[in-house]
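Here is the structure we will look at, set down as structure tokens.
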Amino acid sequence: MTEWTDPETFAQALEQVETKEKGNCFEDFAEGDVIEHDPGLTLTQFGNEQWMGQTLNHDPAYWRTDAAEARGFDEPPVHPDYLTAATLGITVEDLSEKGGYFLGRTDVRFPETPVYTGTELHVESEVVNRATSSSRPEYGIVSWRTRGKDAETGDVLCSYERTNMIPRRDPVATDGSGATATEEDDGPDLPSEFVTPEGGYFEDFVEALENAADEDAAVAYRHERGRTQDDVTVAQLPLSTLNTAKQHHNVDVMSDSPSGNIVTYGDVTRSTALGHARSDEQTWREVGFDDESFHTFVAVGDTVYAFTRVLSAEDDASSDRAGTVTFEHIAFNQDDEPVYSGTRTAEIQKRSN
Ligand SMILES: C/C(=C\C(=O)SCCNC(=O)CCNC(=O)[C@H](O)C(C)(C)COP(=O)(O)OP(=O)(O)OC[C@H]1O[C@@H](n2cnc3c(N)ncnc32)[C@H](O)[C@@H]1OP(=O)(O)O)C(=O)O
């Protein structure tokens, strides 16, 4: 009789059997395909608070009823970062579980109305672009437009366009141009002065931009807080959004990958940096995010810091108690290497109200 658990027998059996695979390769996606994602999740108070707490997003309007009501909410709503991460997490099984990295995202948008806990999320994605990677023959580059909807009403709660590197089943020959391209290094081209806003209200950002306008200056500053990545941020938070990417929880597979280890979910890195930035401002409402890029890996033991540049401030918010500010946020690690960058438009409270 075969002893299936005899180590030698079992090792040979493992080699000979087929693996029932998960996820899709580059060749499985065609432009125009629409994918209704089967996983869905209920946006719970626990999930929301766990995400916000671990990423240092402490805006009281998302934690306390009195602060929520003062912001015009019925109760503490779902935080936009948790909503974004959950919308993306649900898609991973179909779109990127096969491996490959989350490269970037743009046109992240939310409706003006808040989303409350107890909402069930249903997500769909459309393939909007697929391209050959000129530098990495074993990968292709795929972009999807994703919409996270209220399962009951069909209202879109969060939408964006995201790009991942996706493994090919069959590597192709490339011209290698991406791998060999070099750029001339003229050294850093920075303004001679950096202006820091006095406070975190809309008026402070307007004043800082005015002070910088006539000078060779930028409104740019760093935030003091850092968050060292641990098992909770690297593995637990993505799994709590149903993100099944092996990058976050399978050390065995990832030891033989470009990162050599499991890495932090891009939305955790980003939300942590945004948490640092928001701790130095009076946020009223998140409007959207554009041009998000993930530049290098973040792993257990790395510390995520944040740097902010203020790009513009306009008095055109949805509430007369706030103004609209556009920022560029850069997350960086303990070696000062940028790991994430993106622009963010947010409504910031006015001091005068
Ligand atoms: C969710 C989820 C997974 C995750 O959250 S993974 C964690 C977040 N992402 C990362 O940690 C990735 C960080 N990035 C990197 O480490 C490097 O970018 C990477 C992936 C190792 C590639 O670095 P390289 O230096 O080899 O390559 P390039 O930077 O030149 O990029 C390779 C090609 O990709 C194109 N590309 C890069 N960024 C974008 C973008 N935002 N949009 C579109 N295309 C982009 C770039 O042009 C290169 O193209 P070639 O044709 O020249 O190959 C989950 O599983 O979903």
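What follows draws every value from the coordinates through simple rules; no lab data is involved. Note that the structure is a prediction, hence the values are computed from the model and not measured. Every residue, glycine as well, gets a Cβ built from its backbone with ideal geometry; the counts of neighbours run over all protein chains shown.
Kirkwood's formula applied to the C-alpha pairs of the stretch 71-118 gives a hydrodynamic radius of 12.9 angstrom.
Computed per residue of the chain from DSSP H runs no shorter than four, each worth -39500 (n - 2.57), the mean residue ellipticity at 222 nm is -5500 deg cm²/dmol.
Between VAL253 and ASP150, what length in nm is gained on full extension when 0.36 nm per residue of separation is reduced by their alpha carbon distance?
Working: separation 103, 0.36 × 103 = 37.08 nm, distance 3.49 nm.
Contour length minus Cα-Cα distance gives 33.6 nm.
Take the Cα radius of gyration of the stretch 83-205 and divide it by 2.2 N^0.38 Å, N being the number of residues; the result is 1.46. A Förster radius of 25 Å combined with the Cβ-Cβ distance from ARG64 to GLN236 puts the calculated FRET efficiency at roughly 0.50.
Remind me, what semi-axes does the stretch 204-262 give for its equivalent ellipsoid, largest first in whole Å, using sqrt of 5 times each Cα gyration tensor eigenvalue?
Numbers: eigenvalues 340, 40, 23 Å².
So the three semi-axes of the stretch 204-262 are 41, 14, 11 Å.
Computed over Cα pairs, the Kirkwood radius of the stretch 19-99 leads via Stokes-Einstein (1.002 mPa s, 20 °C) to a diffusion coefficient of 143 µm² per second.
Determine the relative contact order of the chain: mean sequence separation of Cα pairs under 8 Å and six or more apart, normalised by residue count, in whole percent. Before the final figure, lay out each step's value.
On the way: 779 pairs, mean separation 61.6, N = 353.
So the answer I get is 17 percent.
Estimated from the Cβ-Cβ distance and a Förster radius of 30 angstrom, the FRET efficiency linking ALA11 and GLU337 is about 0.15.
Here the scattering of the stretch 190-347 is modelled by Debye summation over its C-alpha atoms, one equal scatterer each and no solvent; at q = 0.18 Å⁻¹ the log10 of I(q)/I(0) is -1.04. Calculate I(q)/I(0) for the stretch 284-353 by the Debye formula, one identical point scatterer on each C-alpha and no solvent, and give its log10 at q = 0.22 Å⁻¹ to two decimals. The Debye formula, applied to the Cα set alone, gives -0.88. Computed on the Cα atoms alone, the convex hull of the chain gives a volume of 174 cubic angstrom per residue.
Running Debye on the stretch 73-153 with equal point scatterers at the Cα sites and no solvent, what base-10 log of I(q)/I(0) appears at q = 0.14, 0.17, 0.24 Å⁻¹? Debye curve over Cα of the stretch 73-153, log10 I(q)/I(0) at q = 0.14, 0.17, 0.24 Å⁻¹: -0.56, -0.76, -1.28. Sorted from longest to shortest, the spans of the Cα atoms of the stretch 1-43 along the three principal axes equal 51, 32, 14 Å.
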